[in-house]
Structures are given as C-alpha cells and as structure tokens.
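Structure record follows, encoded as structure tokens.
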Amino acid sequence: MPIQPTQGGSPVNHAAPQASALHWDNARIFLEVVRCGSFRSAAERLGESISLVRRRINDLEGEIGATLFTRDPHGTHLTEEGIEMVAAVERMERASLDLLRARNVAAGQVSGETRVAVTEGLGTFWLSQRLVEFQRRHPNILIDLHCGMRSVDILRLEADIAVQLSRPTSPDVKMLKIGRLHLAFFAAPSYIEAHGVPKSLADLAKHRFVLQAPDESSAQEIYKVLFPEPLPRNLVVMRNNISTANYVAIAKGVGIGLLPTYAASLTDAVVPLDFDFNYPFDIWLSLHPVSNRIPRMRHVIDWIAGSFNPKQHPWFRDEFIPAKELPRSTGHDPLTALLTKLAIE
C-alpha cells in the first residue's frame, strides 16, 4: 500500500481519477521534482515558490487518485505509482516538444521569438552589443537573450540556440564550433601605477590577483594552470562568478585578472600585460536538429555565427594573437564604457 500524505493528521482522500485529460502543467512540475530530487530544488529551477510546487503535486495526485511521493527526513521518494508515472509523463513531454517543433516548422515565417542562451560574458559584452544590426535587418524577430552560467538543455527546449564554452555532450544536438576565446592578463592603469608591471608569469606571484570562477572546483583548476607551485598567501584578493563583476574589479584596480583578448579592442580602462600566456576556450553553437529548418532561426544562427567570424574578428581565431597586436575599436563599446565609468567613480 502506498503511504498517503496527511493534512492535520488525517489521510488525504484523493478523488477517483477523472476521464478528462491530465493537466500538463502539473505533470511538468512533477517531472521537474523527479529530476531535481526535491521540491525545493525544483522550485528554484522553475523560478516558482516551493508552496506552489507542493500545491501542483497535490493537484496531480488528486487528478490520478494516487500518492506519487513520500517524504521523510532524508528527502523525497517516489512511490511505486510515482515510478510508473515518470515514464508516462516523459512520453507526454516528448509529444509536447514534438508538437511545438512541428508548429514552428509549419509556421515558416521570418517572425516570432527565438530563445538564445549564452554565457554571461559573451552575452553581455559581445552578442548584446550586436543586436542593433540584427534588429535592423529582422525587425519582426524577437531575440530572448538569456545570459547565465548554467548550460541549458536544448532537447527539452530550454532554449532554441545555445552559445557555450564547453562542447555539448548529447549526440542528438547539432553543434558547430564558431570560434575560440582566448583569455590573457589585464590590469588597470591605476594598478600598474601603484604596483608596477609583472614581467613574467612567475612574477605574478608578487602581485594581487582577481579570479573569475563559477565554483570552487573550477577555481582550483585555474589555480593549477596559473600557479603550478604552492600559492603565495593573499595572492587572490577577490573571487567572483560573473564576467561583469570581474571586469569592474580589474578596471577599478583591485588586482590583475584574466579577460578575453577582445577586451583590448573595446576599452582602454584595462591594459593587456606583455608576457606569454593564453588560456583558450572553444566557442560552441548548439541547436535542436529541427531548428535549422525554421526560417527565423536560420537568420539567428547566421547572425550568431557571423558575430564570432574569426576572419572579421581576429580575437576569435584558433591561433592566439597577443592583445596588444589586435585592432583597436574606433569608439568605445557603450556597455564597457558605462561599466568603466561606474568602476572609476
């Protein structure tokens, strides 16, 4: 017998299943709870309150007339009925996604919304600055640009197109390498004036360092690349997880840090340091196999690929070009100029 959840000490009396279709939104939330492992994690992933998630699960249990989860101090667990429900809801999810893709293909129009997921730095400092030229050519296409640190699931339509710095692992996703990002050391003129210029990577150990890393394990990997010897005390004076904070800290003179080499083409608030070091990441574009057949998405794909074209933008070439040798911008990037102004003030 499945364990029935209780309210006020009495078993919940689930109504008998109705002949009407299952409420998909409740089923979708059920699947998210299963995948996340808890109501709280699912609520955070969905951007909803935990009380709403619990209420939707209770509604779903009422719809089907069975208890799907048991809860104890160790977490949330599926009942036998819940385990059977997972496969059925996954079939519903696949059918729903197939229907959405079929609708998009049938529409065949150069208008509508396209969701683009991109890493925070590339989205903020690079792609968003090129939206104006895209909108002039395609005013009826809405770009929903999602800048974040987490990779999205293209197959589950969390985004239509993704730009990321790690190669997609799913064999069912179409992918294309569109460039390579090179990180190099930069410092603010104010930092150089106060602390001098390191002449080599070894000399960096005598300076102050700002580090961008999404988590502790990533930070340790970067440490090993930069400083194979034991870390000097107080070398890292600031660690952050997003490119915007990293740039502002470097431009303010908090310490030396890693920035994409294209930063030298956007602003003179940070200066590339002149010694041999490069930390590269390949830039990957990924999309659902059917997306390339949708006209508006083809335009977005072409625009993104063009934005990282190594022939036009040499800082995205496979081979490393020192930042000091890259072409300078004729005018400052508006966002970079604003962030620099805020940092200096």
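Quick check on segment 1-11: of everything there that is assigned to a loop (DSSP other than H, G, I, E, B) and over 20 Å from residue 73 (Cβ atoms), which residue is modelled with the lowest pLDDT?
Step one: list which residues in segment 1-11 are assigned to a loop (DSSP other than H, G, I, E, B), which gives 1-5, 8-9.
Keeping just the survivors that are over 20 Å from residue 73 (Cβ atoms) gives 1, 8.
Values: 1: 33, 8: 37.
That would be 1.
For segment 288-305, the count of residues that are surrounded by fewer than 22 Cβ atoms within 10 Å (Cβ to Cβ), within 21 Å of the chain's Cα centre (by Cα) and in a strand (DSSP E or B) is zero. Taken together, the residues in segment 179-208 that are among the aliphatic types (A, V, I, L, M), in a helix (DSSP H, G or I) and at pLDDT 90 or above amount to 2.
Scanning segment 218-237 for residues that are modelled with pLDDT of 70 or more, more than 17 Å from residue 278 (Cβ to Cβ) and loosely packed, with under 12 Cβ neighbours inside 10 Å yields 220, 234.
One line per residue, one yes/no per condition, for (1) at pLDDT 85 or above; (2) assigned to a helix (DSSP H, G or I); (3) surrounded by fewer than 17 Cβ atoms within 10 Å (Cβ to Cβ); (4) not assigned by TED's automatic domain parsing to the domain that holds residue 71:
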{"position": "13", "(1), (2), (3), (4)": "no, no, yes, no"}
{"position": "17", "(1), (2), (3), (4)": "no, no, yes, no"}
{"position": "21", "(1), (2), (3), (4)": "no, no, yes, no"}
{"position": "31", "(1), (2), (3), (4)": "yes, yes, no, no"}
{"position": "45", "(1), (2), (3), (4)": "no, yes, yes, no"}
{"position": "55", "(1), (2), (3), (4)": "yes, yes, yes, no"}
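The values are calculated or read from the model by the stated rules, or taken from the named source; none is laboratory data. Keep in mind that this is a model prediction, so the values were computed, not measured. In this analysis, Cβ positions are derived from the backbone assuming ideal geometry, glycine residues included, and neighbour counts consider all displayed protein chains.
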